[in-house]
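S.K.: If you scroll down you'll find the structure; I have some questions about it.
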């Protein structure tokens, strides 16, 4: 697996995000900031839902987005797996069918995809829920199925969009443990978008703090925790940082 490099600018109406970011293979890199900091803009750019206005995005030797070329690989061609805050499972499919969909979307035969889905549900501890539909799952169970679906598609990189934010305290701990175990085995780059520094401490190797679309501090989790560069960063780490501006999150 290879790393992810983003160096560029995204214009969204009156909001501009300008980010220079490198995530090594096997590294979990947290993007931290309150609403309006530009976290979701970065995530959408990496996932392919937003195009760069200037600059370049690469995954290993593959150019995913180059505003000057111009080159733009759509989401389906990037093999970037995304886990969302609200799991986004297909409501009409069972847990097993949801997970198998990830492999099926890459052209894997149905029987192979189903066997692979069973394996991932077992690894995530929800094999006994294979026949249930999303409405029959708790928040924590649904999020573990969503993790299984994403990993079953064998992505080259992962982006995690506030994956613990909608869960209660017990489910957060349960799903965080699942992430910790399986991210340890994932060999590609992982981008974790969160407003909660506790998630970064639990899951990430490095962290970048954003303020109104600009990087204000980057370092290992321990470095940033020990020496916040500004009062703003210190407030973000404590969870008391205000919205930097009226802008996309």
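S.K.: Based only on other Cβ atoms within 10 Å, what is the fewest-to-most ordering of 108, 62, 159?
M.R.: So the ranking, lowest neighbour count to highest, is 62, 108, 159.
S.K.: Let me ask something additional. Return one number: the angle in degrees, 0 to 90 and rounded to the nearest 10, between the long axis of the Cα atoms of helix 95-104 and the longest principal axis of the Cα atoms of the chain.
M.R.: So the helix axis and the longest Cα principal axis differ by about 70 degrees.
S.K.: Kindly put 40, 53 in sequence by how many other C-beta atoms sit within 10 Å of each C-beta, fewest to most.
M.R.: Ascending number of Cβ neighbours within 10 Å: 53, 40.
S.K.: With just the Cα atoms defining each centre, how far is segment 1-35 from segment 140-165? Give it in Å.
M.R.: Going from one Cα centre to the other spans 19 Å.
S.K.: Among 196, 161, 185, which one moves the most in a GNM of the chain with springs linking Cα atoms closer than 10 Å?
M.R.: It is 185.
S.K.: Considering the chain as a Gaussian network with a 10 Å cut-off on Cα pairs, which listed residue, 137, 52, 89, attains the greatest mean-square fluctuation?
M.R.: Of 137, 52, 89, the Gaussian network model singles out 137 as fluctuating most.
S.K.: Students often check this: by mean Cβ neighbours within 10 Å, which of 121-129, 168-176 ranks highest, and how do the rest follow?
M.R.: Taking the mean over residues of other Cβ atoms within 10 Å, the ranking is 121-129, 168-176.
S.K.: Mind ordering 18-25, 201-208 by average Cβ neighbours within 10 Å, highest first?
M.R.: Highest-to-lowest ranking by the protection proxy: 201-208, 18-25.
S.K.: Compute the helix-to-body angle for 139-152: its Cα long axis versus the longest principal axis of the chain, expressed 0 to 90° and rounded to tens.
M.R.: Between helix and principal axis, roughly 90 degrees.
S.K.: Here's something else I'd like to know. Okay, helix-only estimate at 222 nm for the chain: each DSSP H run of n ≥ 4 adds -39500 (n - 2.57), divide by all residues, round to 500 deg cm²/dmol; what do you get?
M.R.: Estimated from H runs of four or more residues: -10000 deg cm²/dmol.
S.K.: Then there's this: By counting other Cβ atoms within 10 Å of each Cβ, how are 2, 105, 94 ranked from fewest to most? Before the final figure, lay out the partial values.
M.R.: Details: 2 16, 105 13, 94 19.
Fewest to most other Cβ atoms nearby, the residues stand as 105, 2, 94.
S.K.: From Cα pairs below 8 angstrom and at least 6 apart in sequence, can you work out the relative contact order of the chain, rounded to a whole percent? Before the final figure, lay out the partial values.
M.R.: On the way: 530 pairs, mean separation 76.2, N = 249.
Once divided by the residue count of the chain, the mean separation gives 31 percent.
S.K.: Taking the alpha-carbon centroid of each part, what is the distance from segment 195-213 to segment 42-98 in angstrom?
M.R.: 20
S.K.: Further question on the same structure: On C-alpha positions alone, give me the angle between the axis of helix 169-185 and the longest principal axis of the chain, in degrees, nearest 10.
M.R.: Taking Cα atoms only, the helix is inclined about 90 degrees.
S.K.: If you restrict to DSSP beta bridges whose two residues both lie in the chain, what percentage is antiparallel, to the nearest 5?
M.R.: 60
Coordinate-derived values only; no laboratory data. Model, not experiment: these values are computed from the prediction. Backbone-built Cβ (ideal geometry, glycine too); neighbour counts: all protein chains shown.
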